[in-house]
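The values are calculated or read from the model by the stated rules, or taken from the named source; none is laboratory data. These numbers were taken from a predicted model, which means no experiment stands behind them. Note that we place each Cβ from the backbone using ideal geometry, even for glycine, and neighbour counts take in every protein chain shown.
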Amino acid sequence: MSASPDTDNRIRHLLGLDALPRPQLEALLRRAQAFAEGEQAPQALAGVAVCTLFFEPSTRTRLSFQLAAQRLGAHVLGFDASTSSTTKGETDLDTFRNIEAMGVRGFVVRHKGDGAVAALAQAARPGTAVLNAGDGRSHHPTQGLLDMLTLRQAKGEDFSKLKVVIVGDVKHSRVARSDLHALRTLGCSEMRVCGPASLLPDDDTLHGCFVTHDFDAALEGVDAIFMLRLQRERMSEGLVESLDDYHRDYGLTSARLRRAAPDAIVMHPGPMNRGVEITDEVADGPQSRVLRQVANGVAVRMAALEALLAAA
Ligand code: NCD
């Protein structure tokens, strides 16, 4: 189980959204909305030490977790694998245990390995909380939450009549997986998934989704478009012919956007490949919610850290 409520219904670790029941997901979104509106809790994590333990690069996720923890009054330690003793061969588990031994109680962990964050959570002492900041292609729960918050702010809390489309490299995307878990939990009525066959997963990720390779058709009448980064590091695997072909078939342009509902919103988790999956005009246009997503990221991470680490 990846979001593991313990006996008093408190979430112990936040590892994924697949096992997070709807009431707890909605409670996190409500609290995040309050933080987004300016609510403050400067003492909530007073005296608590939180470490952002990143074994993979990050801009938004790491900085917004650090800012969120600071706003709650925590001590924040940053860890960057490239300048740490992991370069001398220290294992991830030894790294984690050593920082835990210093008295750190909150760990925000990003790792390239699927399941690597859950493995550290398994090894955690009682009282230590682990938040997944992205593992492999599996989970990115706070990104899923901030995407849901952004969608609620634009479209209201009832997802039962919403049509959404997730576009691009779904196969390698932990963001898409977490978004789909959350959309299902919140009762979204129509989830479309669109991308080239080589970039769509063949496991149960797409359960309940309408799948198509035709981007123009997929956009018809949708209320929200979740664009994904084309993970260029996959190009060497030959999964995409060329960036130009990809842009022609799956790039979101202003002309294409007109197929969606007139008030449709456009989201992208960042980092964006401008001119590949999204044009400047759309990324910076009136329907873009890209920077709103980033702002919501701080609020969602405050809600998550508070839920796991504040004194009961
Ligand atoms: C994403 C990630 O790292 O999973 N970025 C993010 O956290 N905002 C998406 C990506 O790298 O494509």
- Query: If we scan the range 215-228, do we find a residue that is within 18 Å of T61 (Cα to Cα) and touching a helix residue (DSSP H, G or I) at 6+ places or on another chain (Cβ under 8 Å)?
  - Reply: yes
- Message: Show the residue pairs meeting these rules: Cβ distance below 9 Å; 6+ apart or different chains; first residue within the range 117-134 and of a type in the set (D, E, K, R); second residue assigned to a helix (DSSP H, G or I).
- Response: R125/R97; R125/E100
- Query: Could we say that F210 is surrounded by fewer than 17 Cβ atoms within 10 Å (Cβ to Cβ) and modelled with pLDDT of 95 or more here?
  - Reply: yes
- Quick count over the range 201-236, residues being more than 16 Å from the ligand (Cβ to nearest atom) and of a type outside the set (S, T, Y), is 21
- Six or more apart or on different chains, Cβ under 8 Å: which pairs go from a residue in the range 71-99 that's more than 24 Å from L305 (Cβ to Cβ) to one that's in a loop (DSSP other than H, G, I, E, B)? Could you list them? T86/F55; E90/S84
- Query: Do any residues in the range 250-277 that are closer than 15 Å to I166 by Cβ and β-branched (V, I, T) have Cβ atoms under 6 Å from those of residues that are within 16 Å of the ligand (Cβ to nearest atom) and assigned to a loop (DSSP other than H, G, I, E, B), where the two are at least six apart or on different chains, and which pairs are they?
  - Reply: I265/R289
- If we ask which residues in the range 253-305 are within 18 Å of the chain's Cα centre (by Cα) and farther than 20 Å from E220 by Cα, their number turns out to be 21
- Test result for R152, out of contact with any strand residue (DSSP E or B) (no Cβ under 8 Å at 6 or more places or on another chain) and closer than 28 Å to N98 by Cβ: no
- Query: If C188 satisfies every condition in (1) outside any helix (DSSP H, G or I); (2) in the same structural domain as F55 (by TED's automatic domain parsing) but one, which is the exception?
  - Reply: (2)
- Note on the structure: For the range 117-140, the count of residues that are more than 11 Å from the ligand (Cβ to nearest atom) and surrounded by fewer than 19 Cβ atoms within 10 Å (Cβ to Cβ) equals 7
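Residues are listed down the side, and each one gets a yes or a no for (1) over 26 Å from V130 (Cα atoms); (2) within 16 Å of the ligand (Cβ to nearest atom); (3) β-branched (V, I, T); (4) buried (at least 20 other Cβ atoms within 10 Å of the Cβ):
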position	(1), (2), (3), (4)
D249	yes, no, no, no
V266	yes, yes, yes, yes
P269	no, yes, no, yes
E281	yes, no, no, no
V298	no, yes, yes, yes
M302	no, no, no, yes
A307	no, no, no, no
A310	no, no, no, no
- Residue list for the range 141-161, filter: more than 16 Å from the ligand (Cβ to nearest atom) and acidic (D, E): E157, D158
- Item | Any hit, the range 186-203, residues being surrounded by 24 or more Cβ atoms within 10 Å (Cβ to Cβ), small (G, A, S) and more than 17 Å from the chain's Cα centre (by Cα) | yes
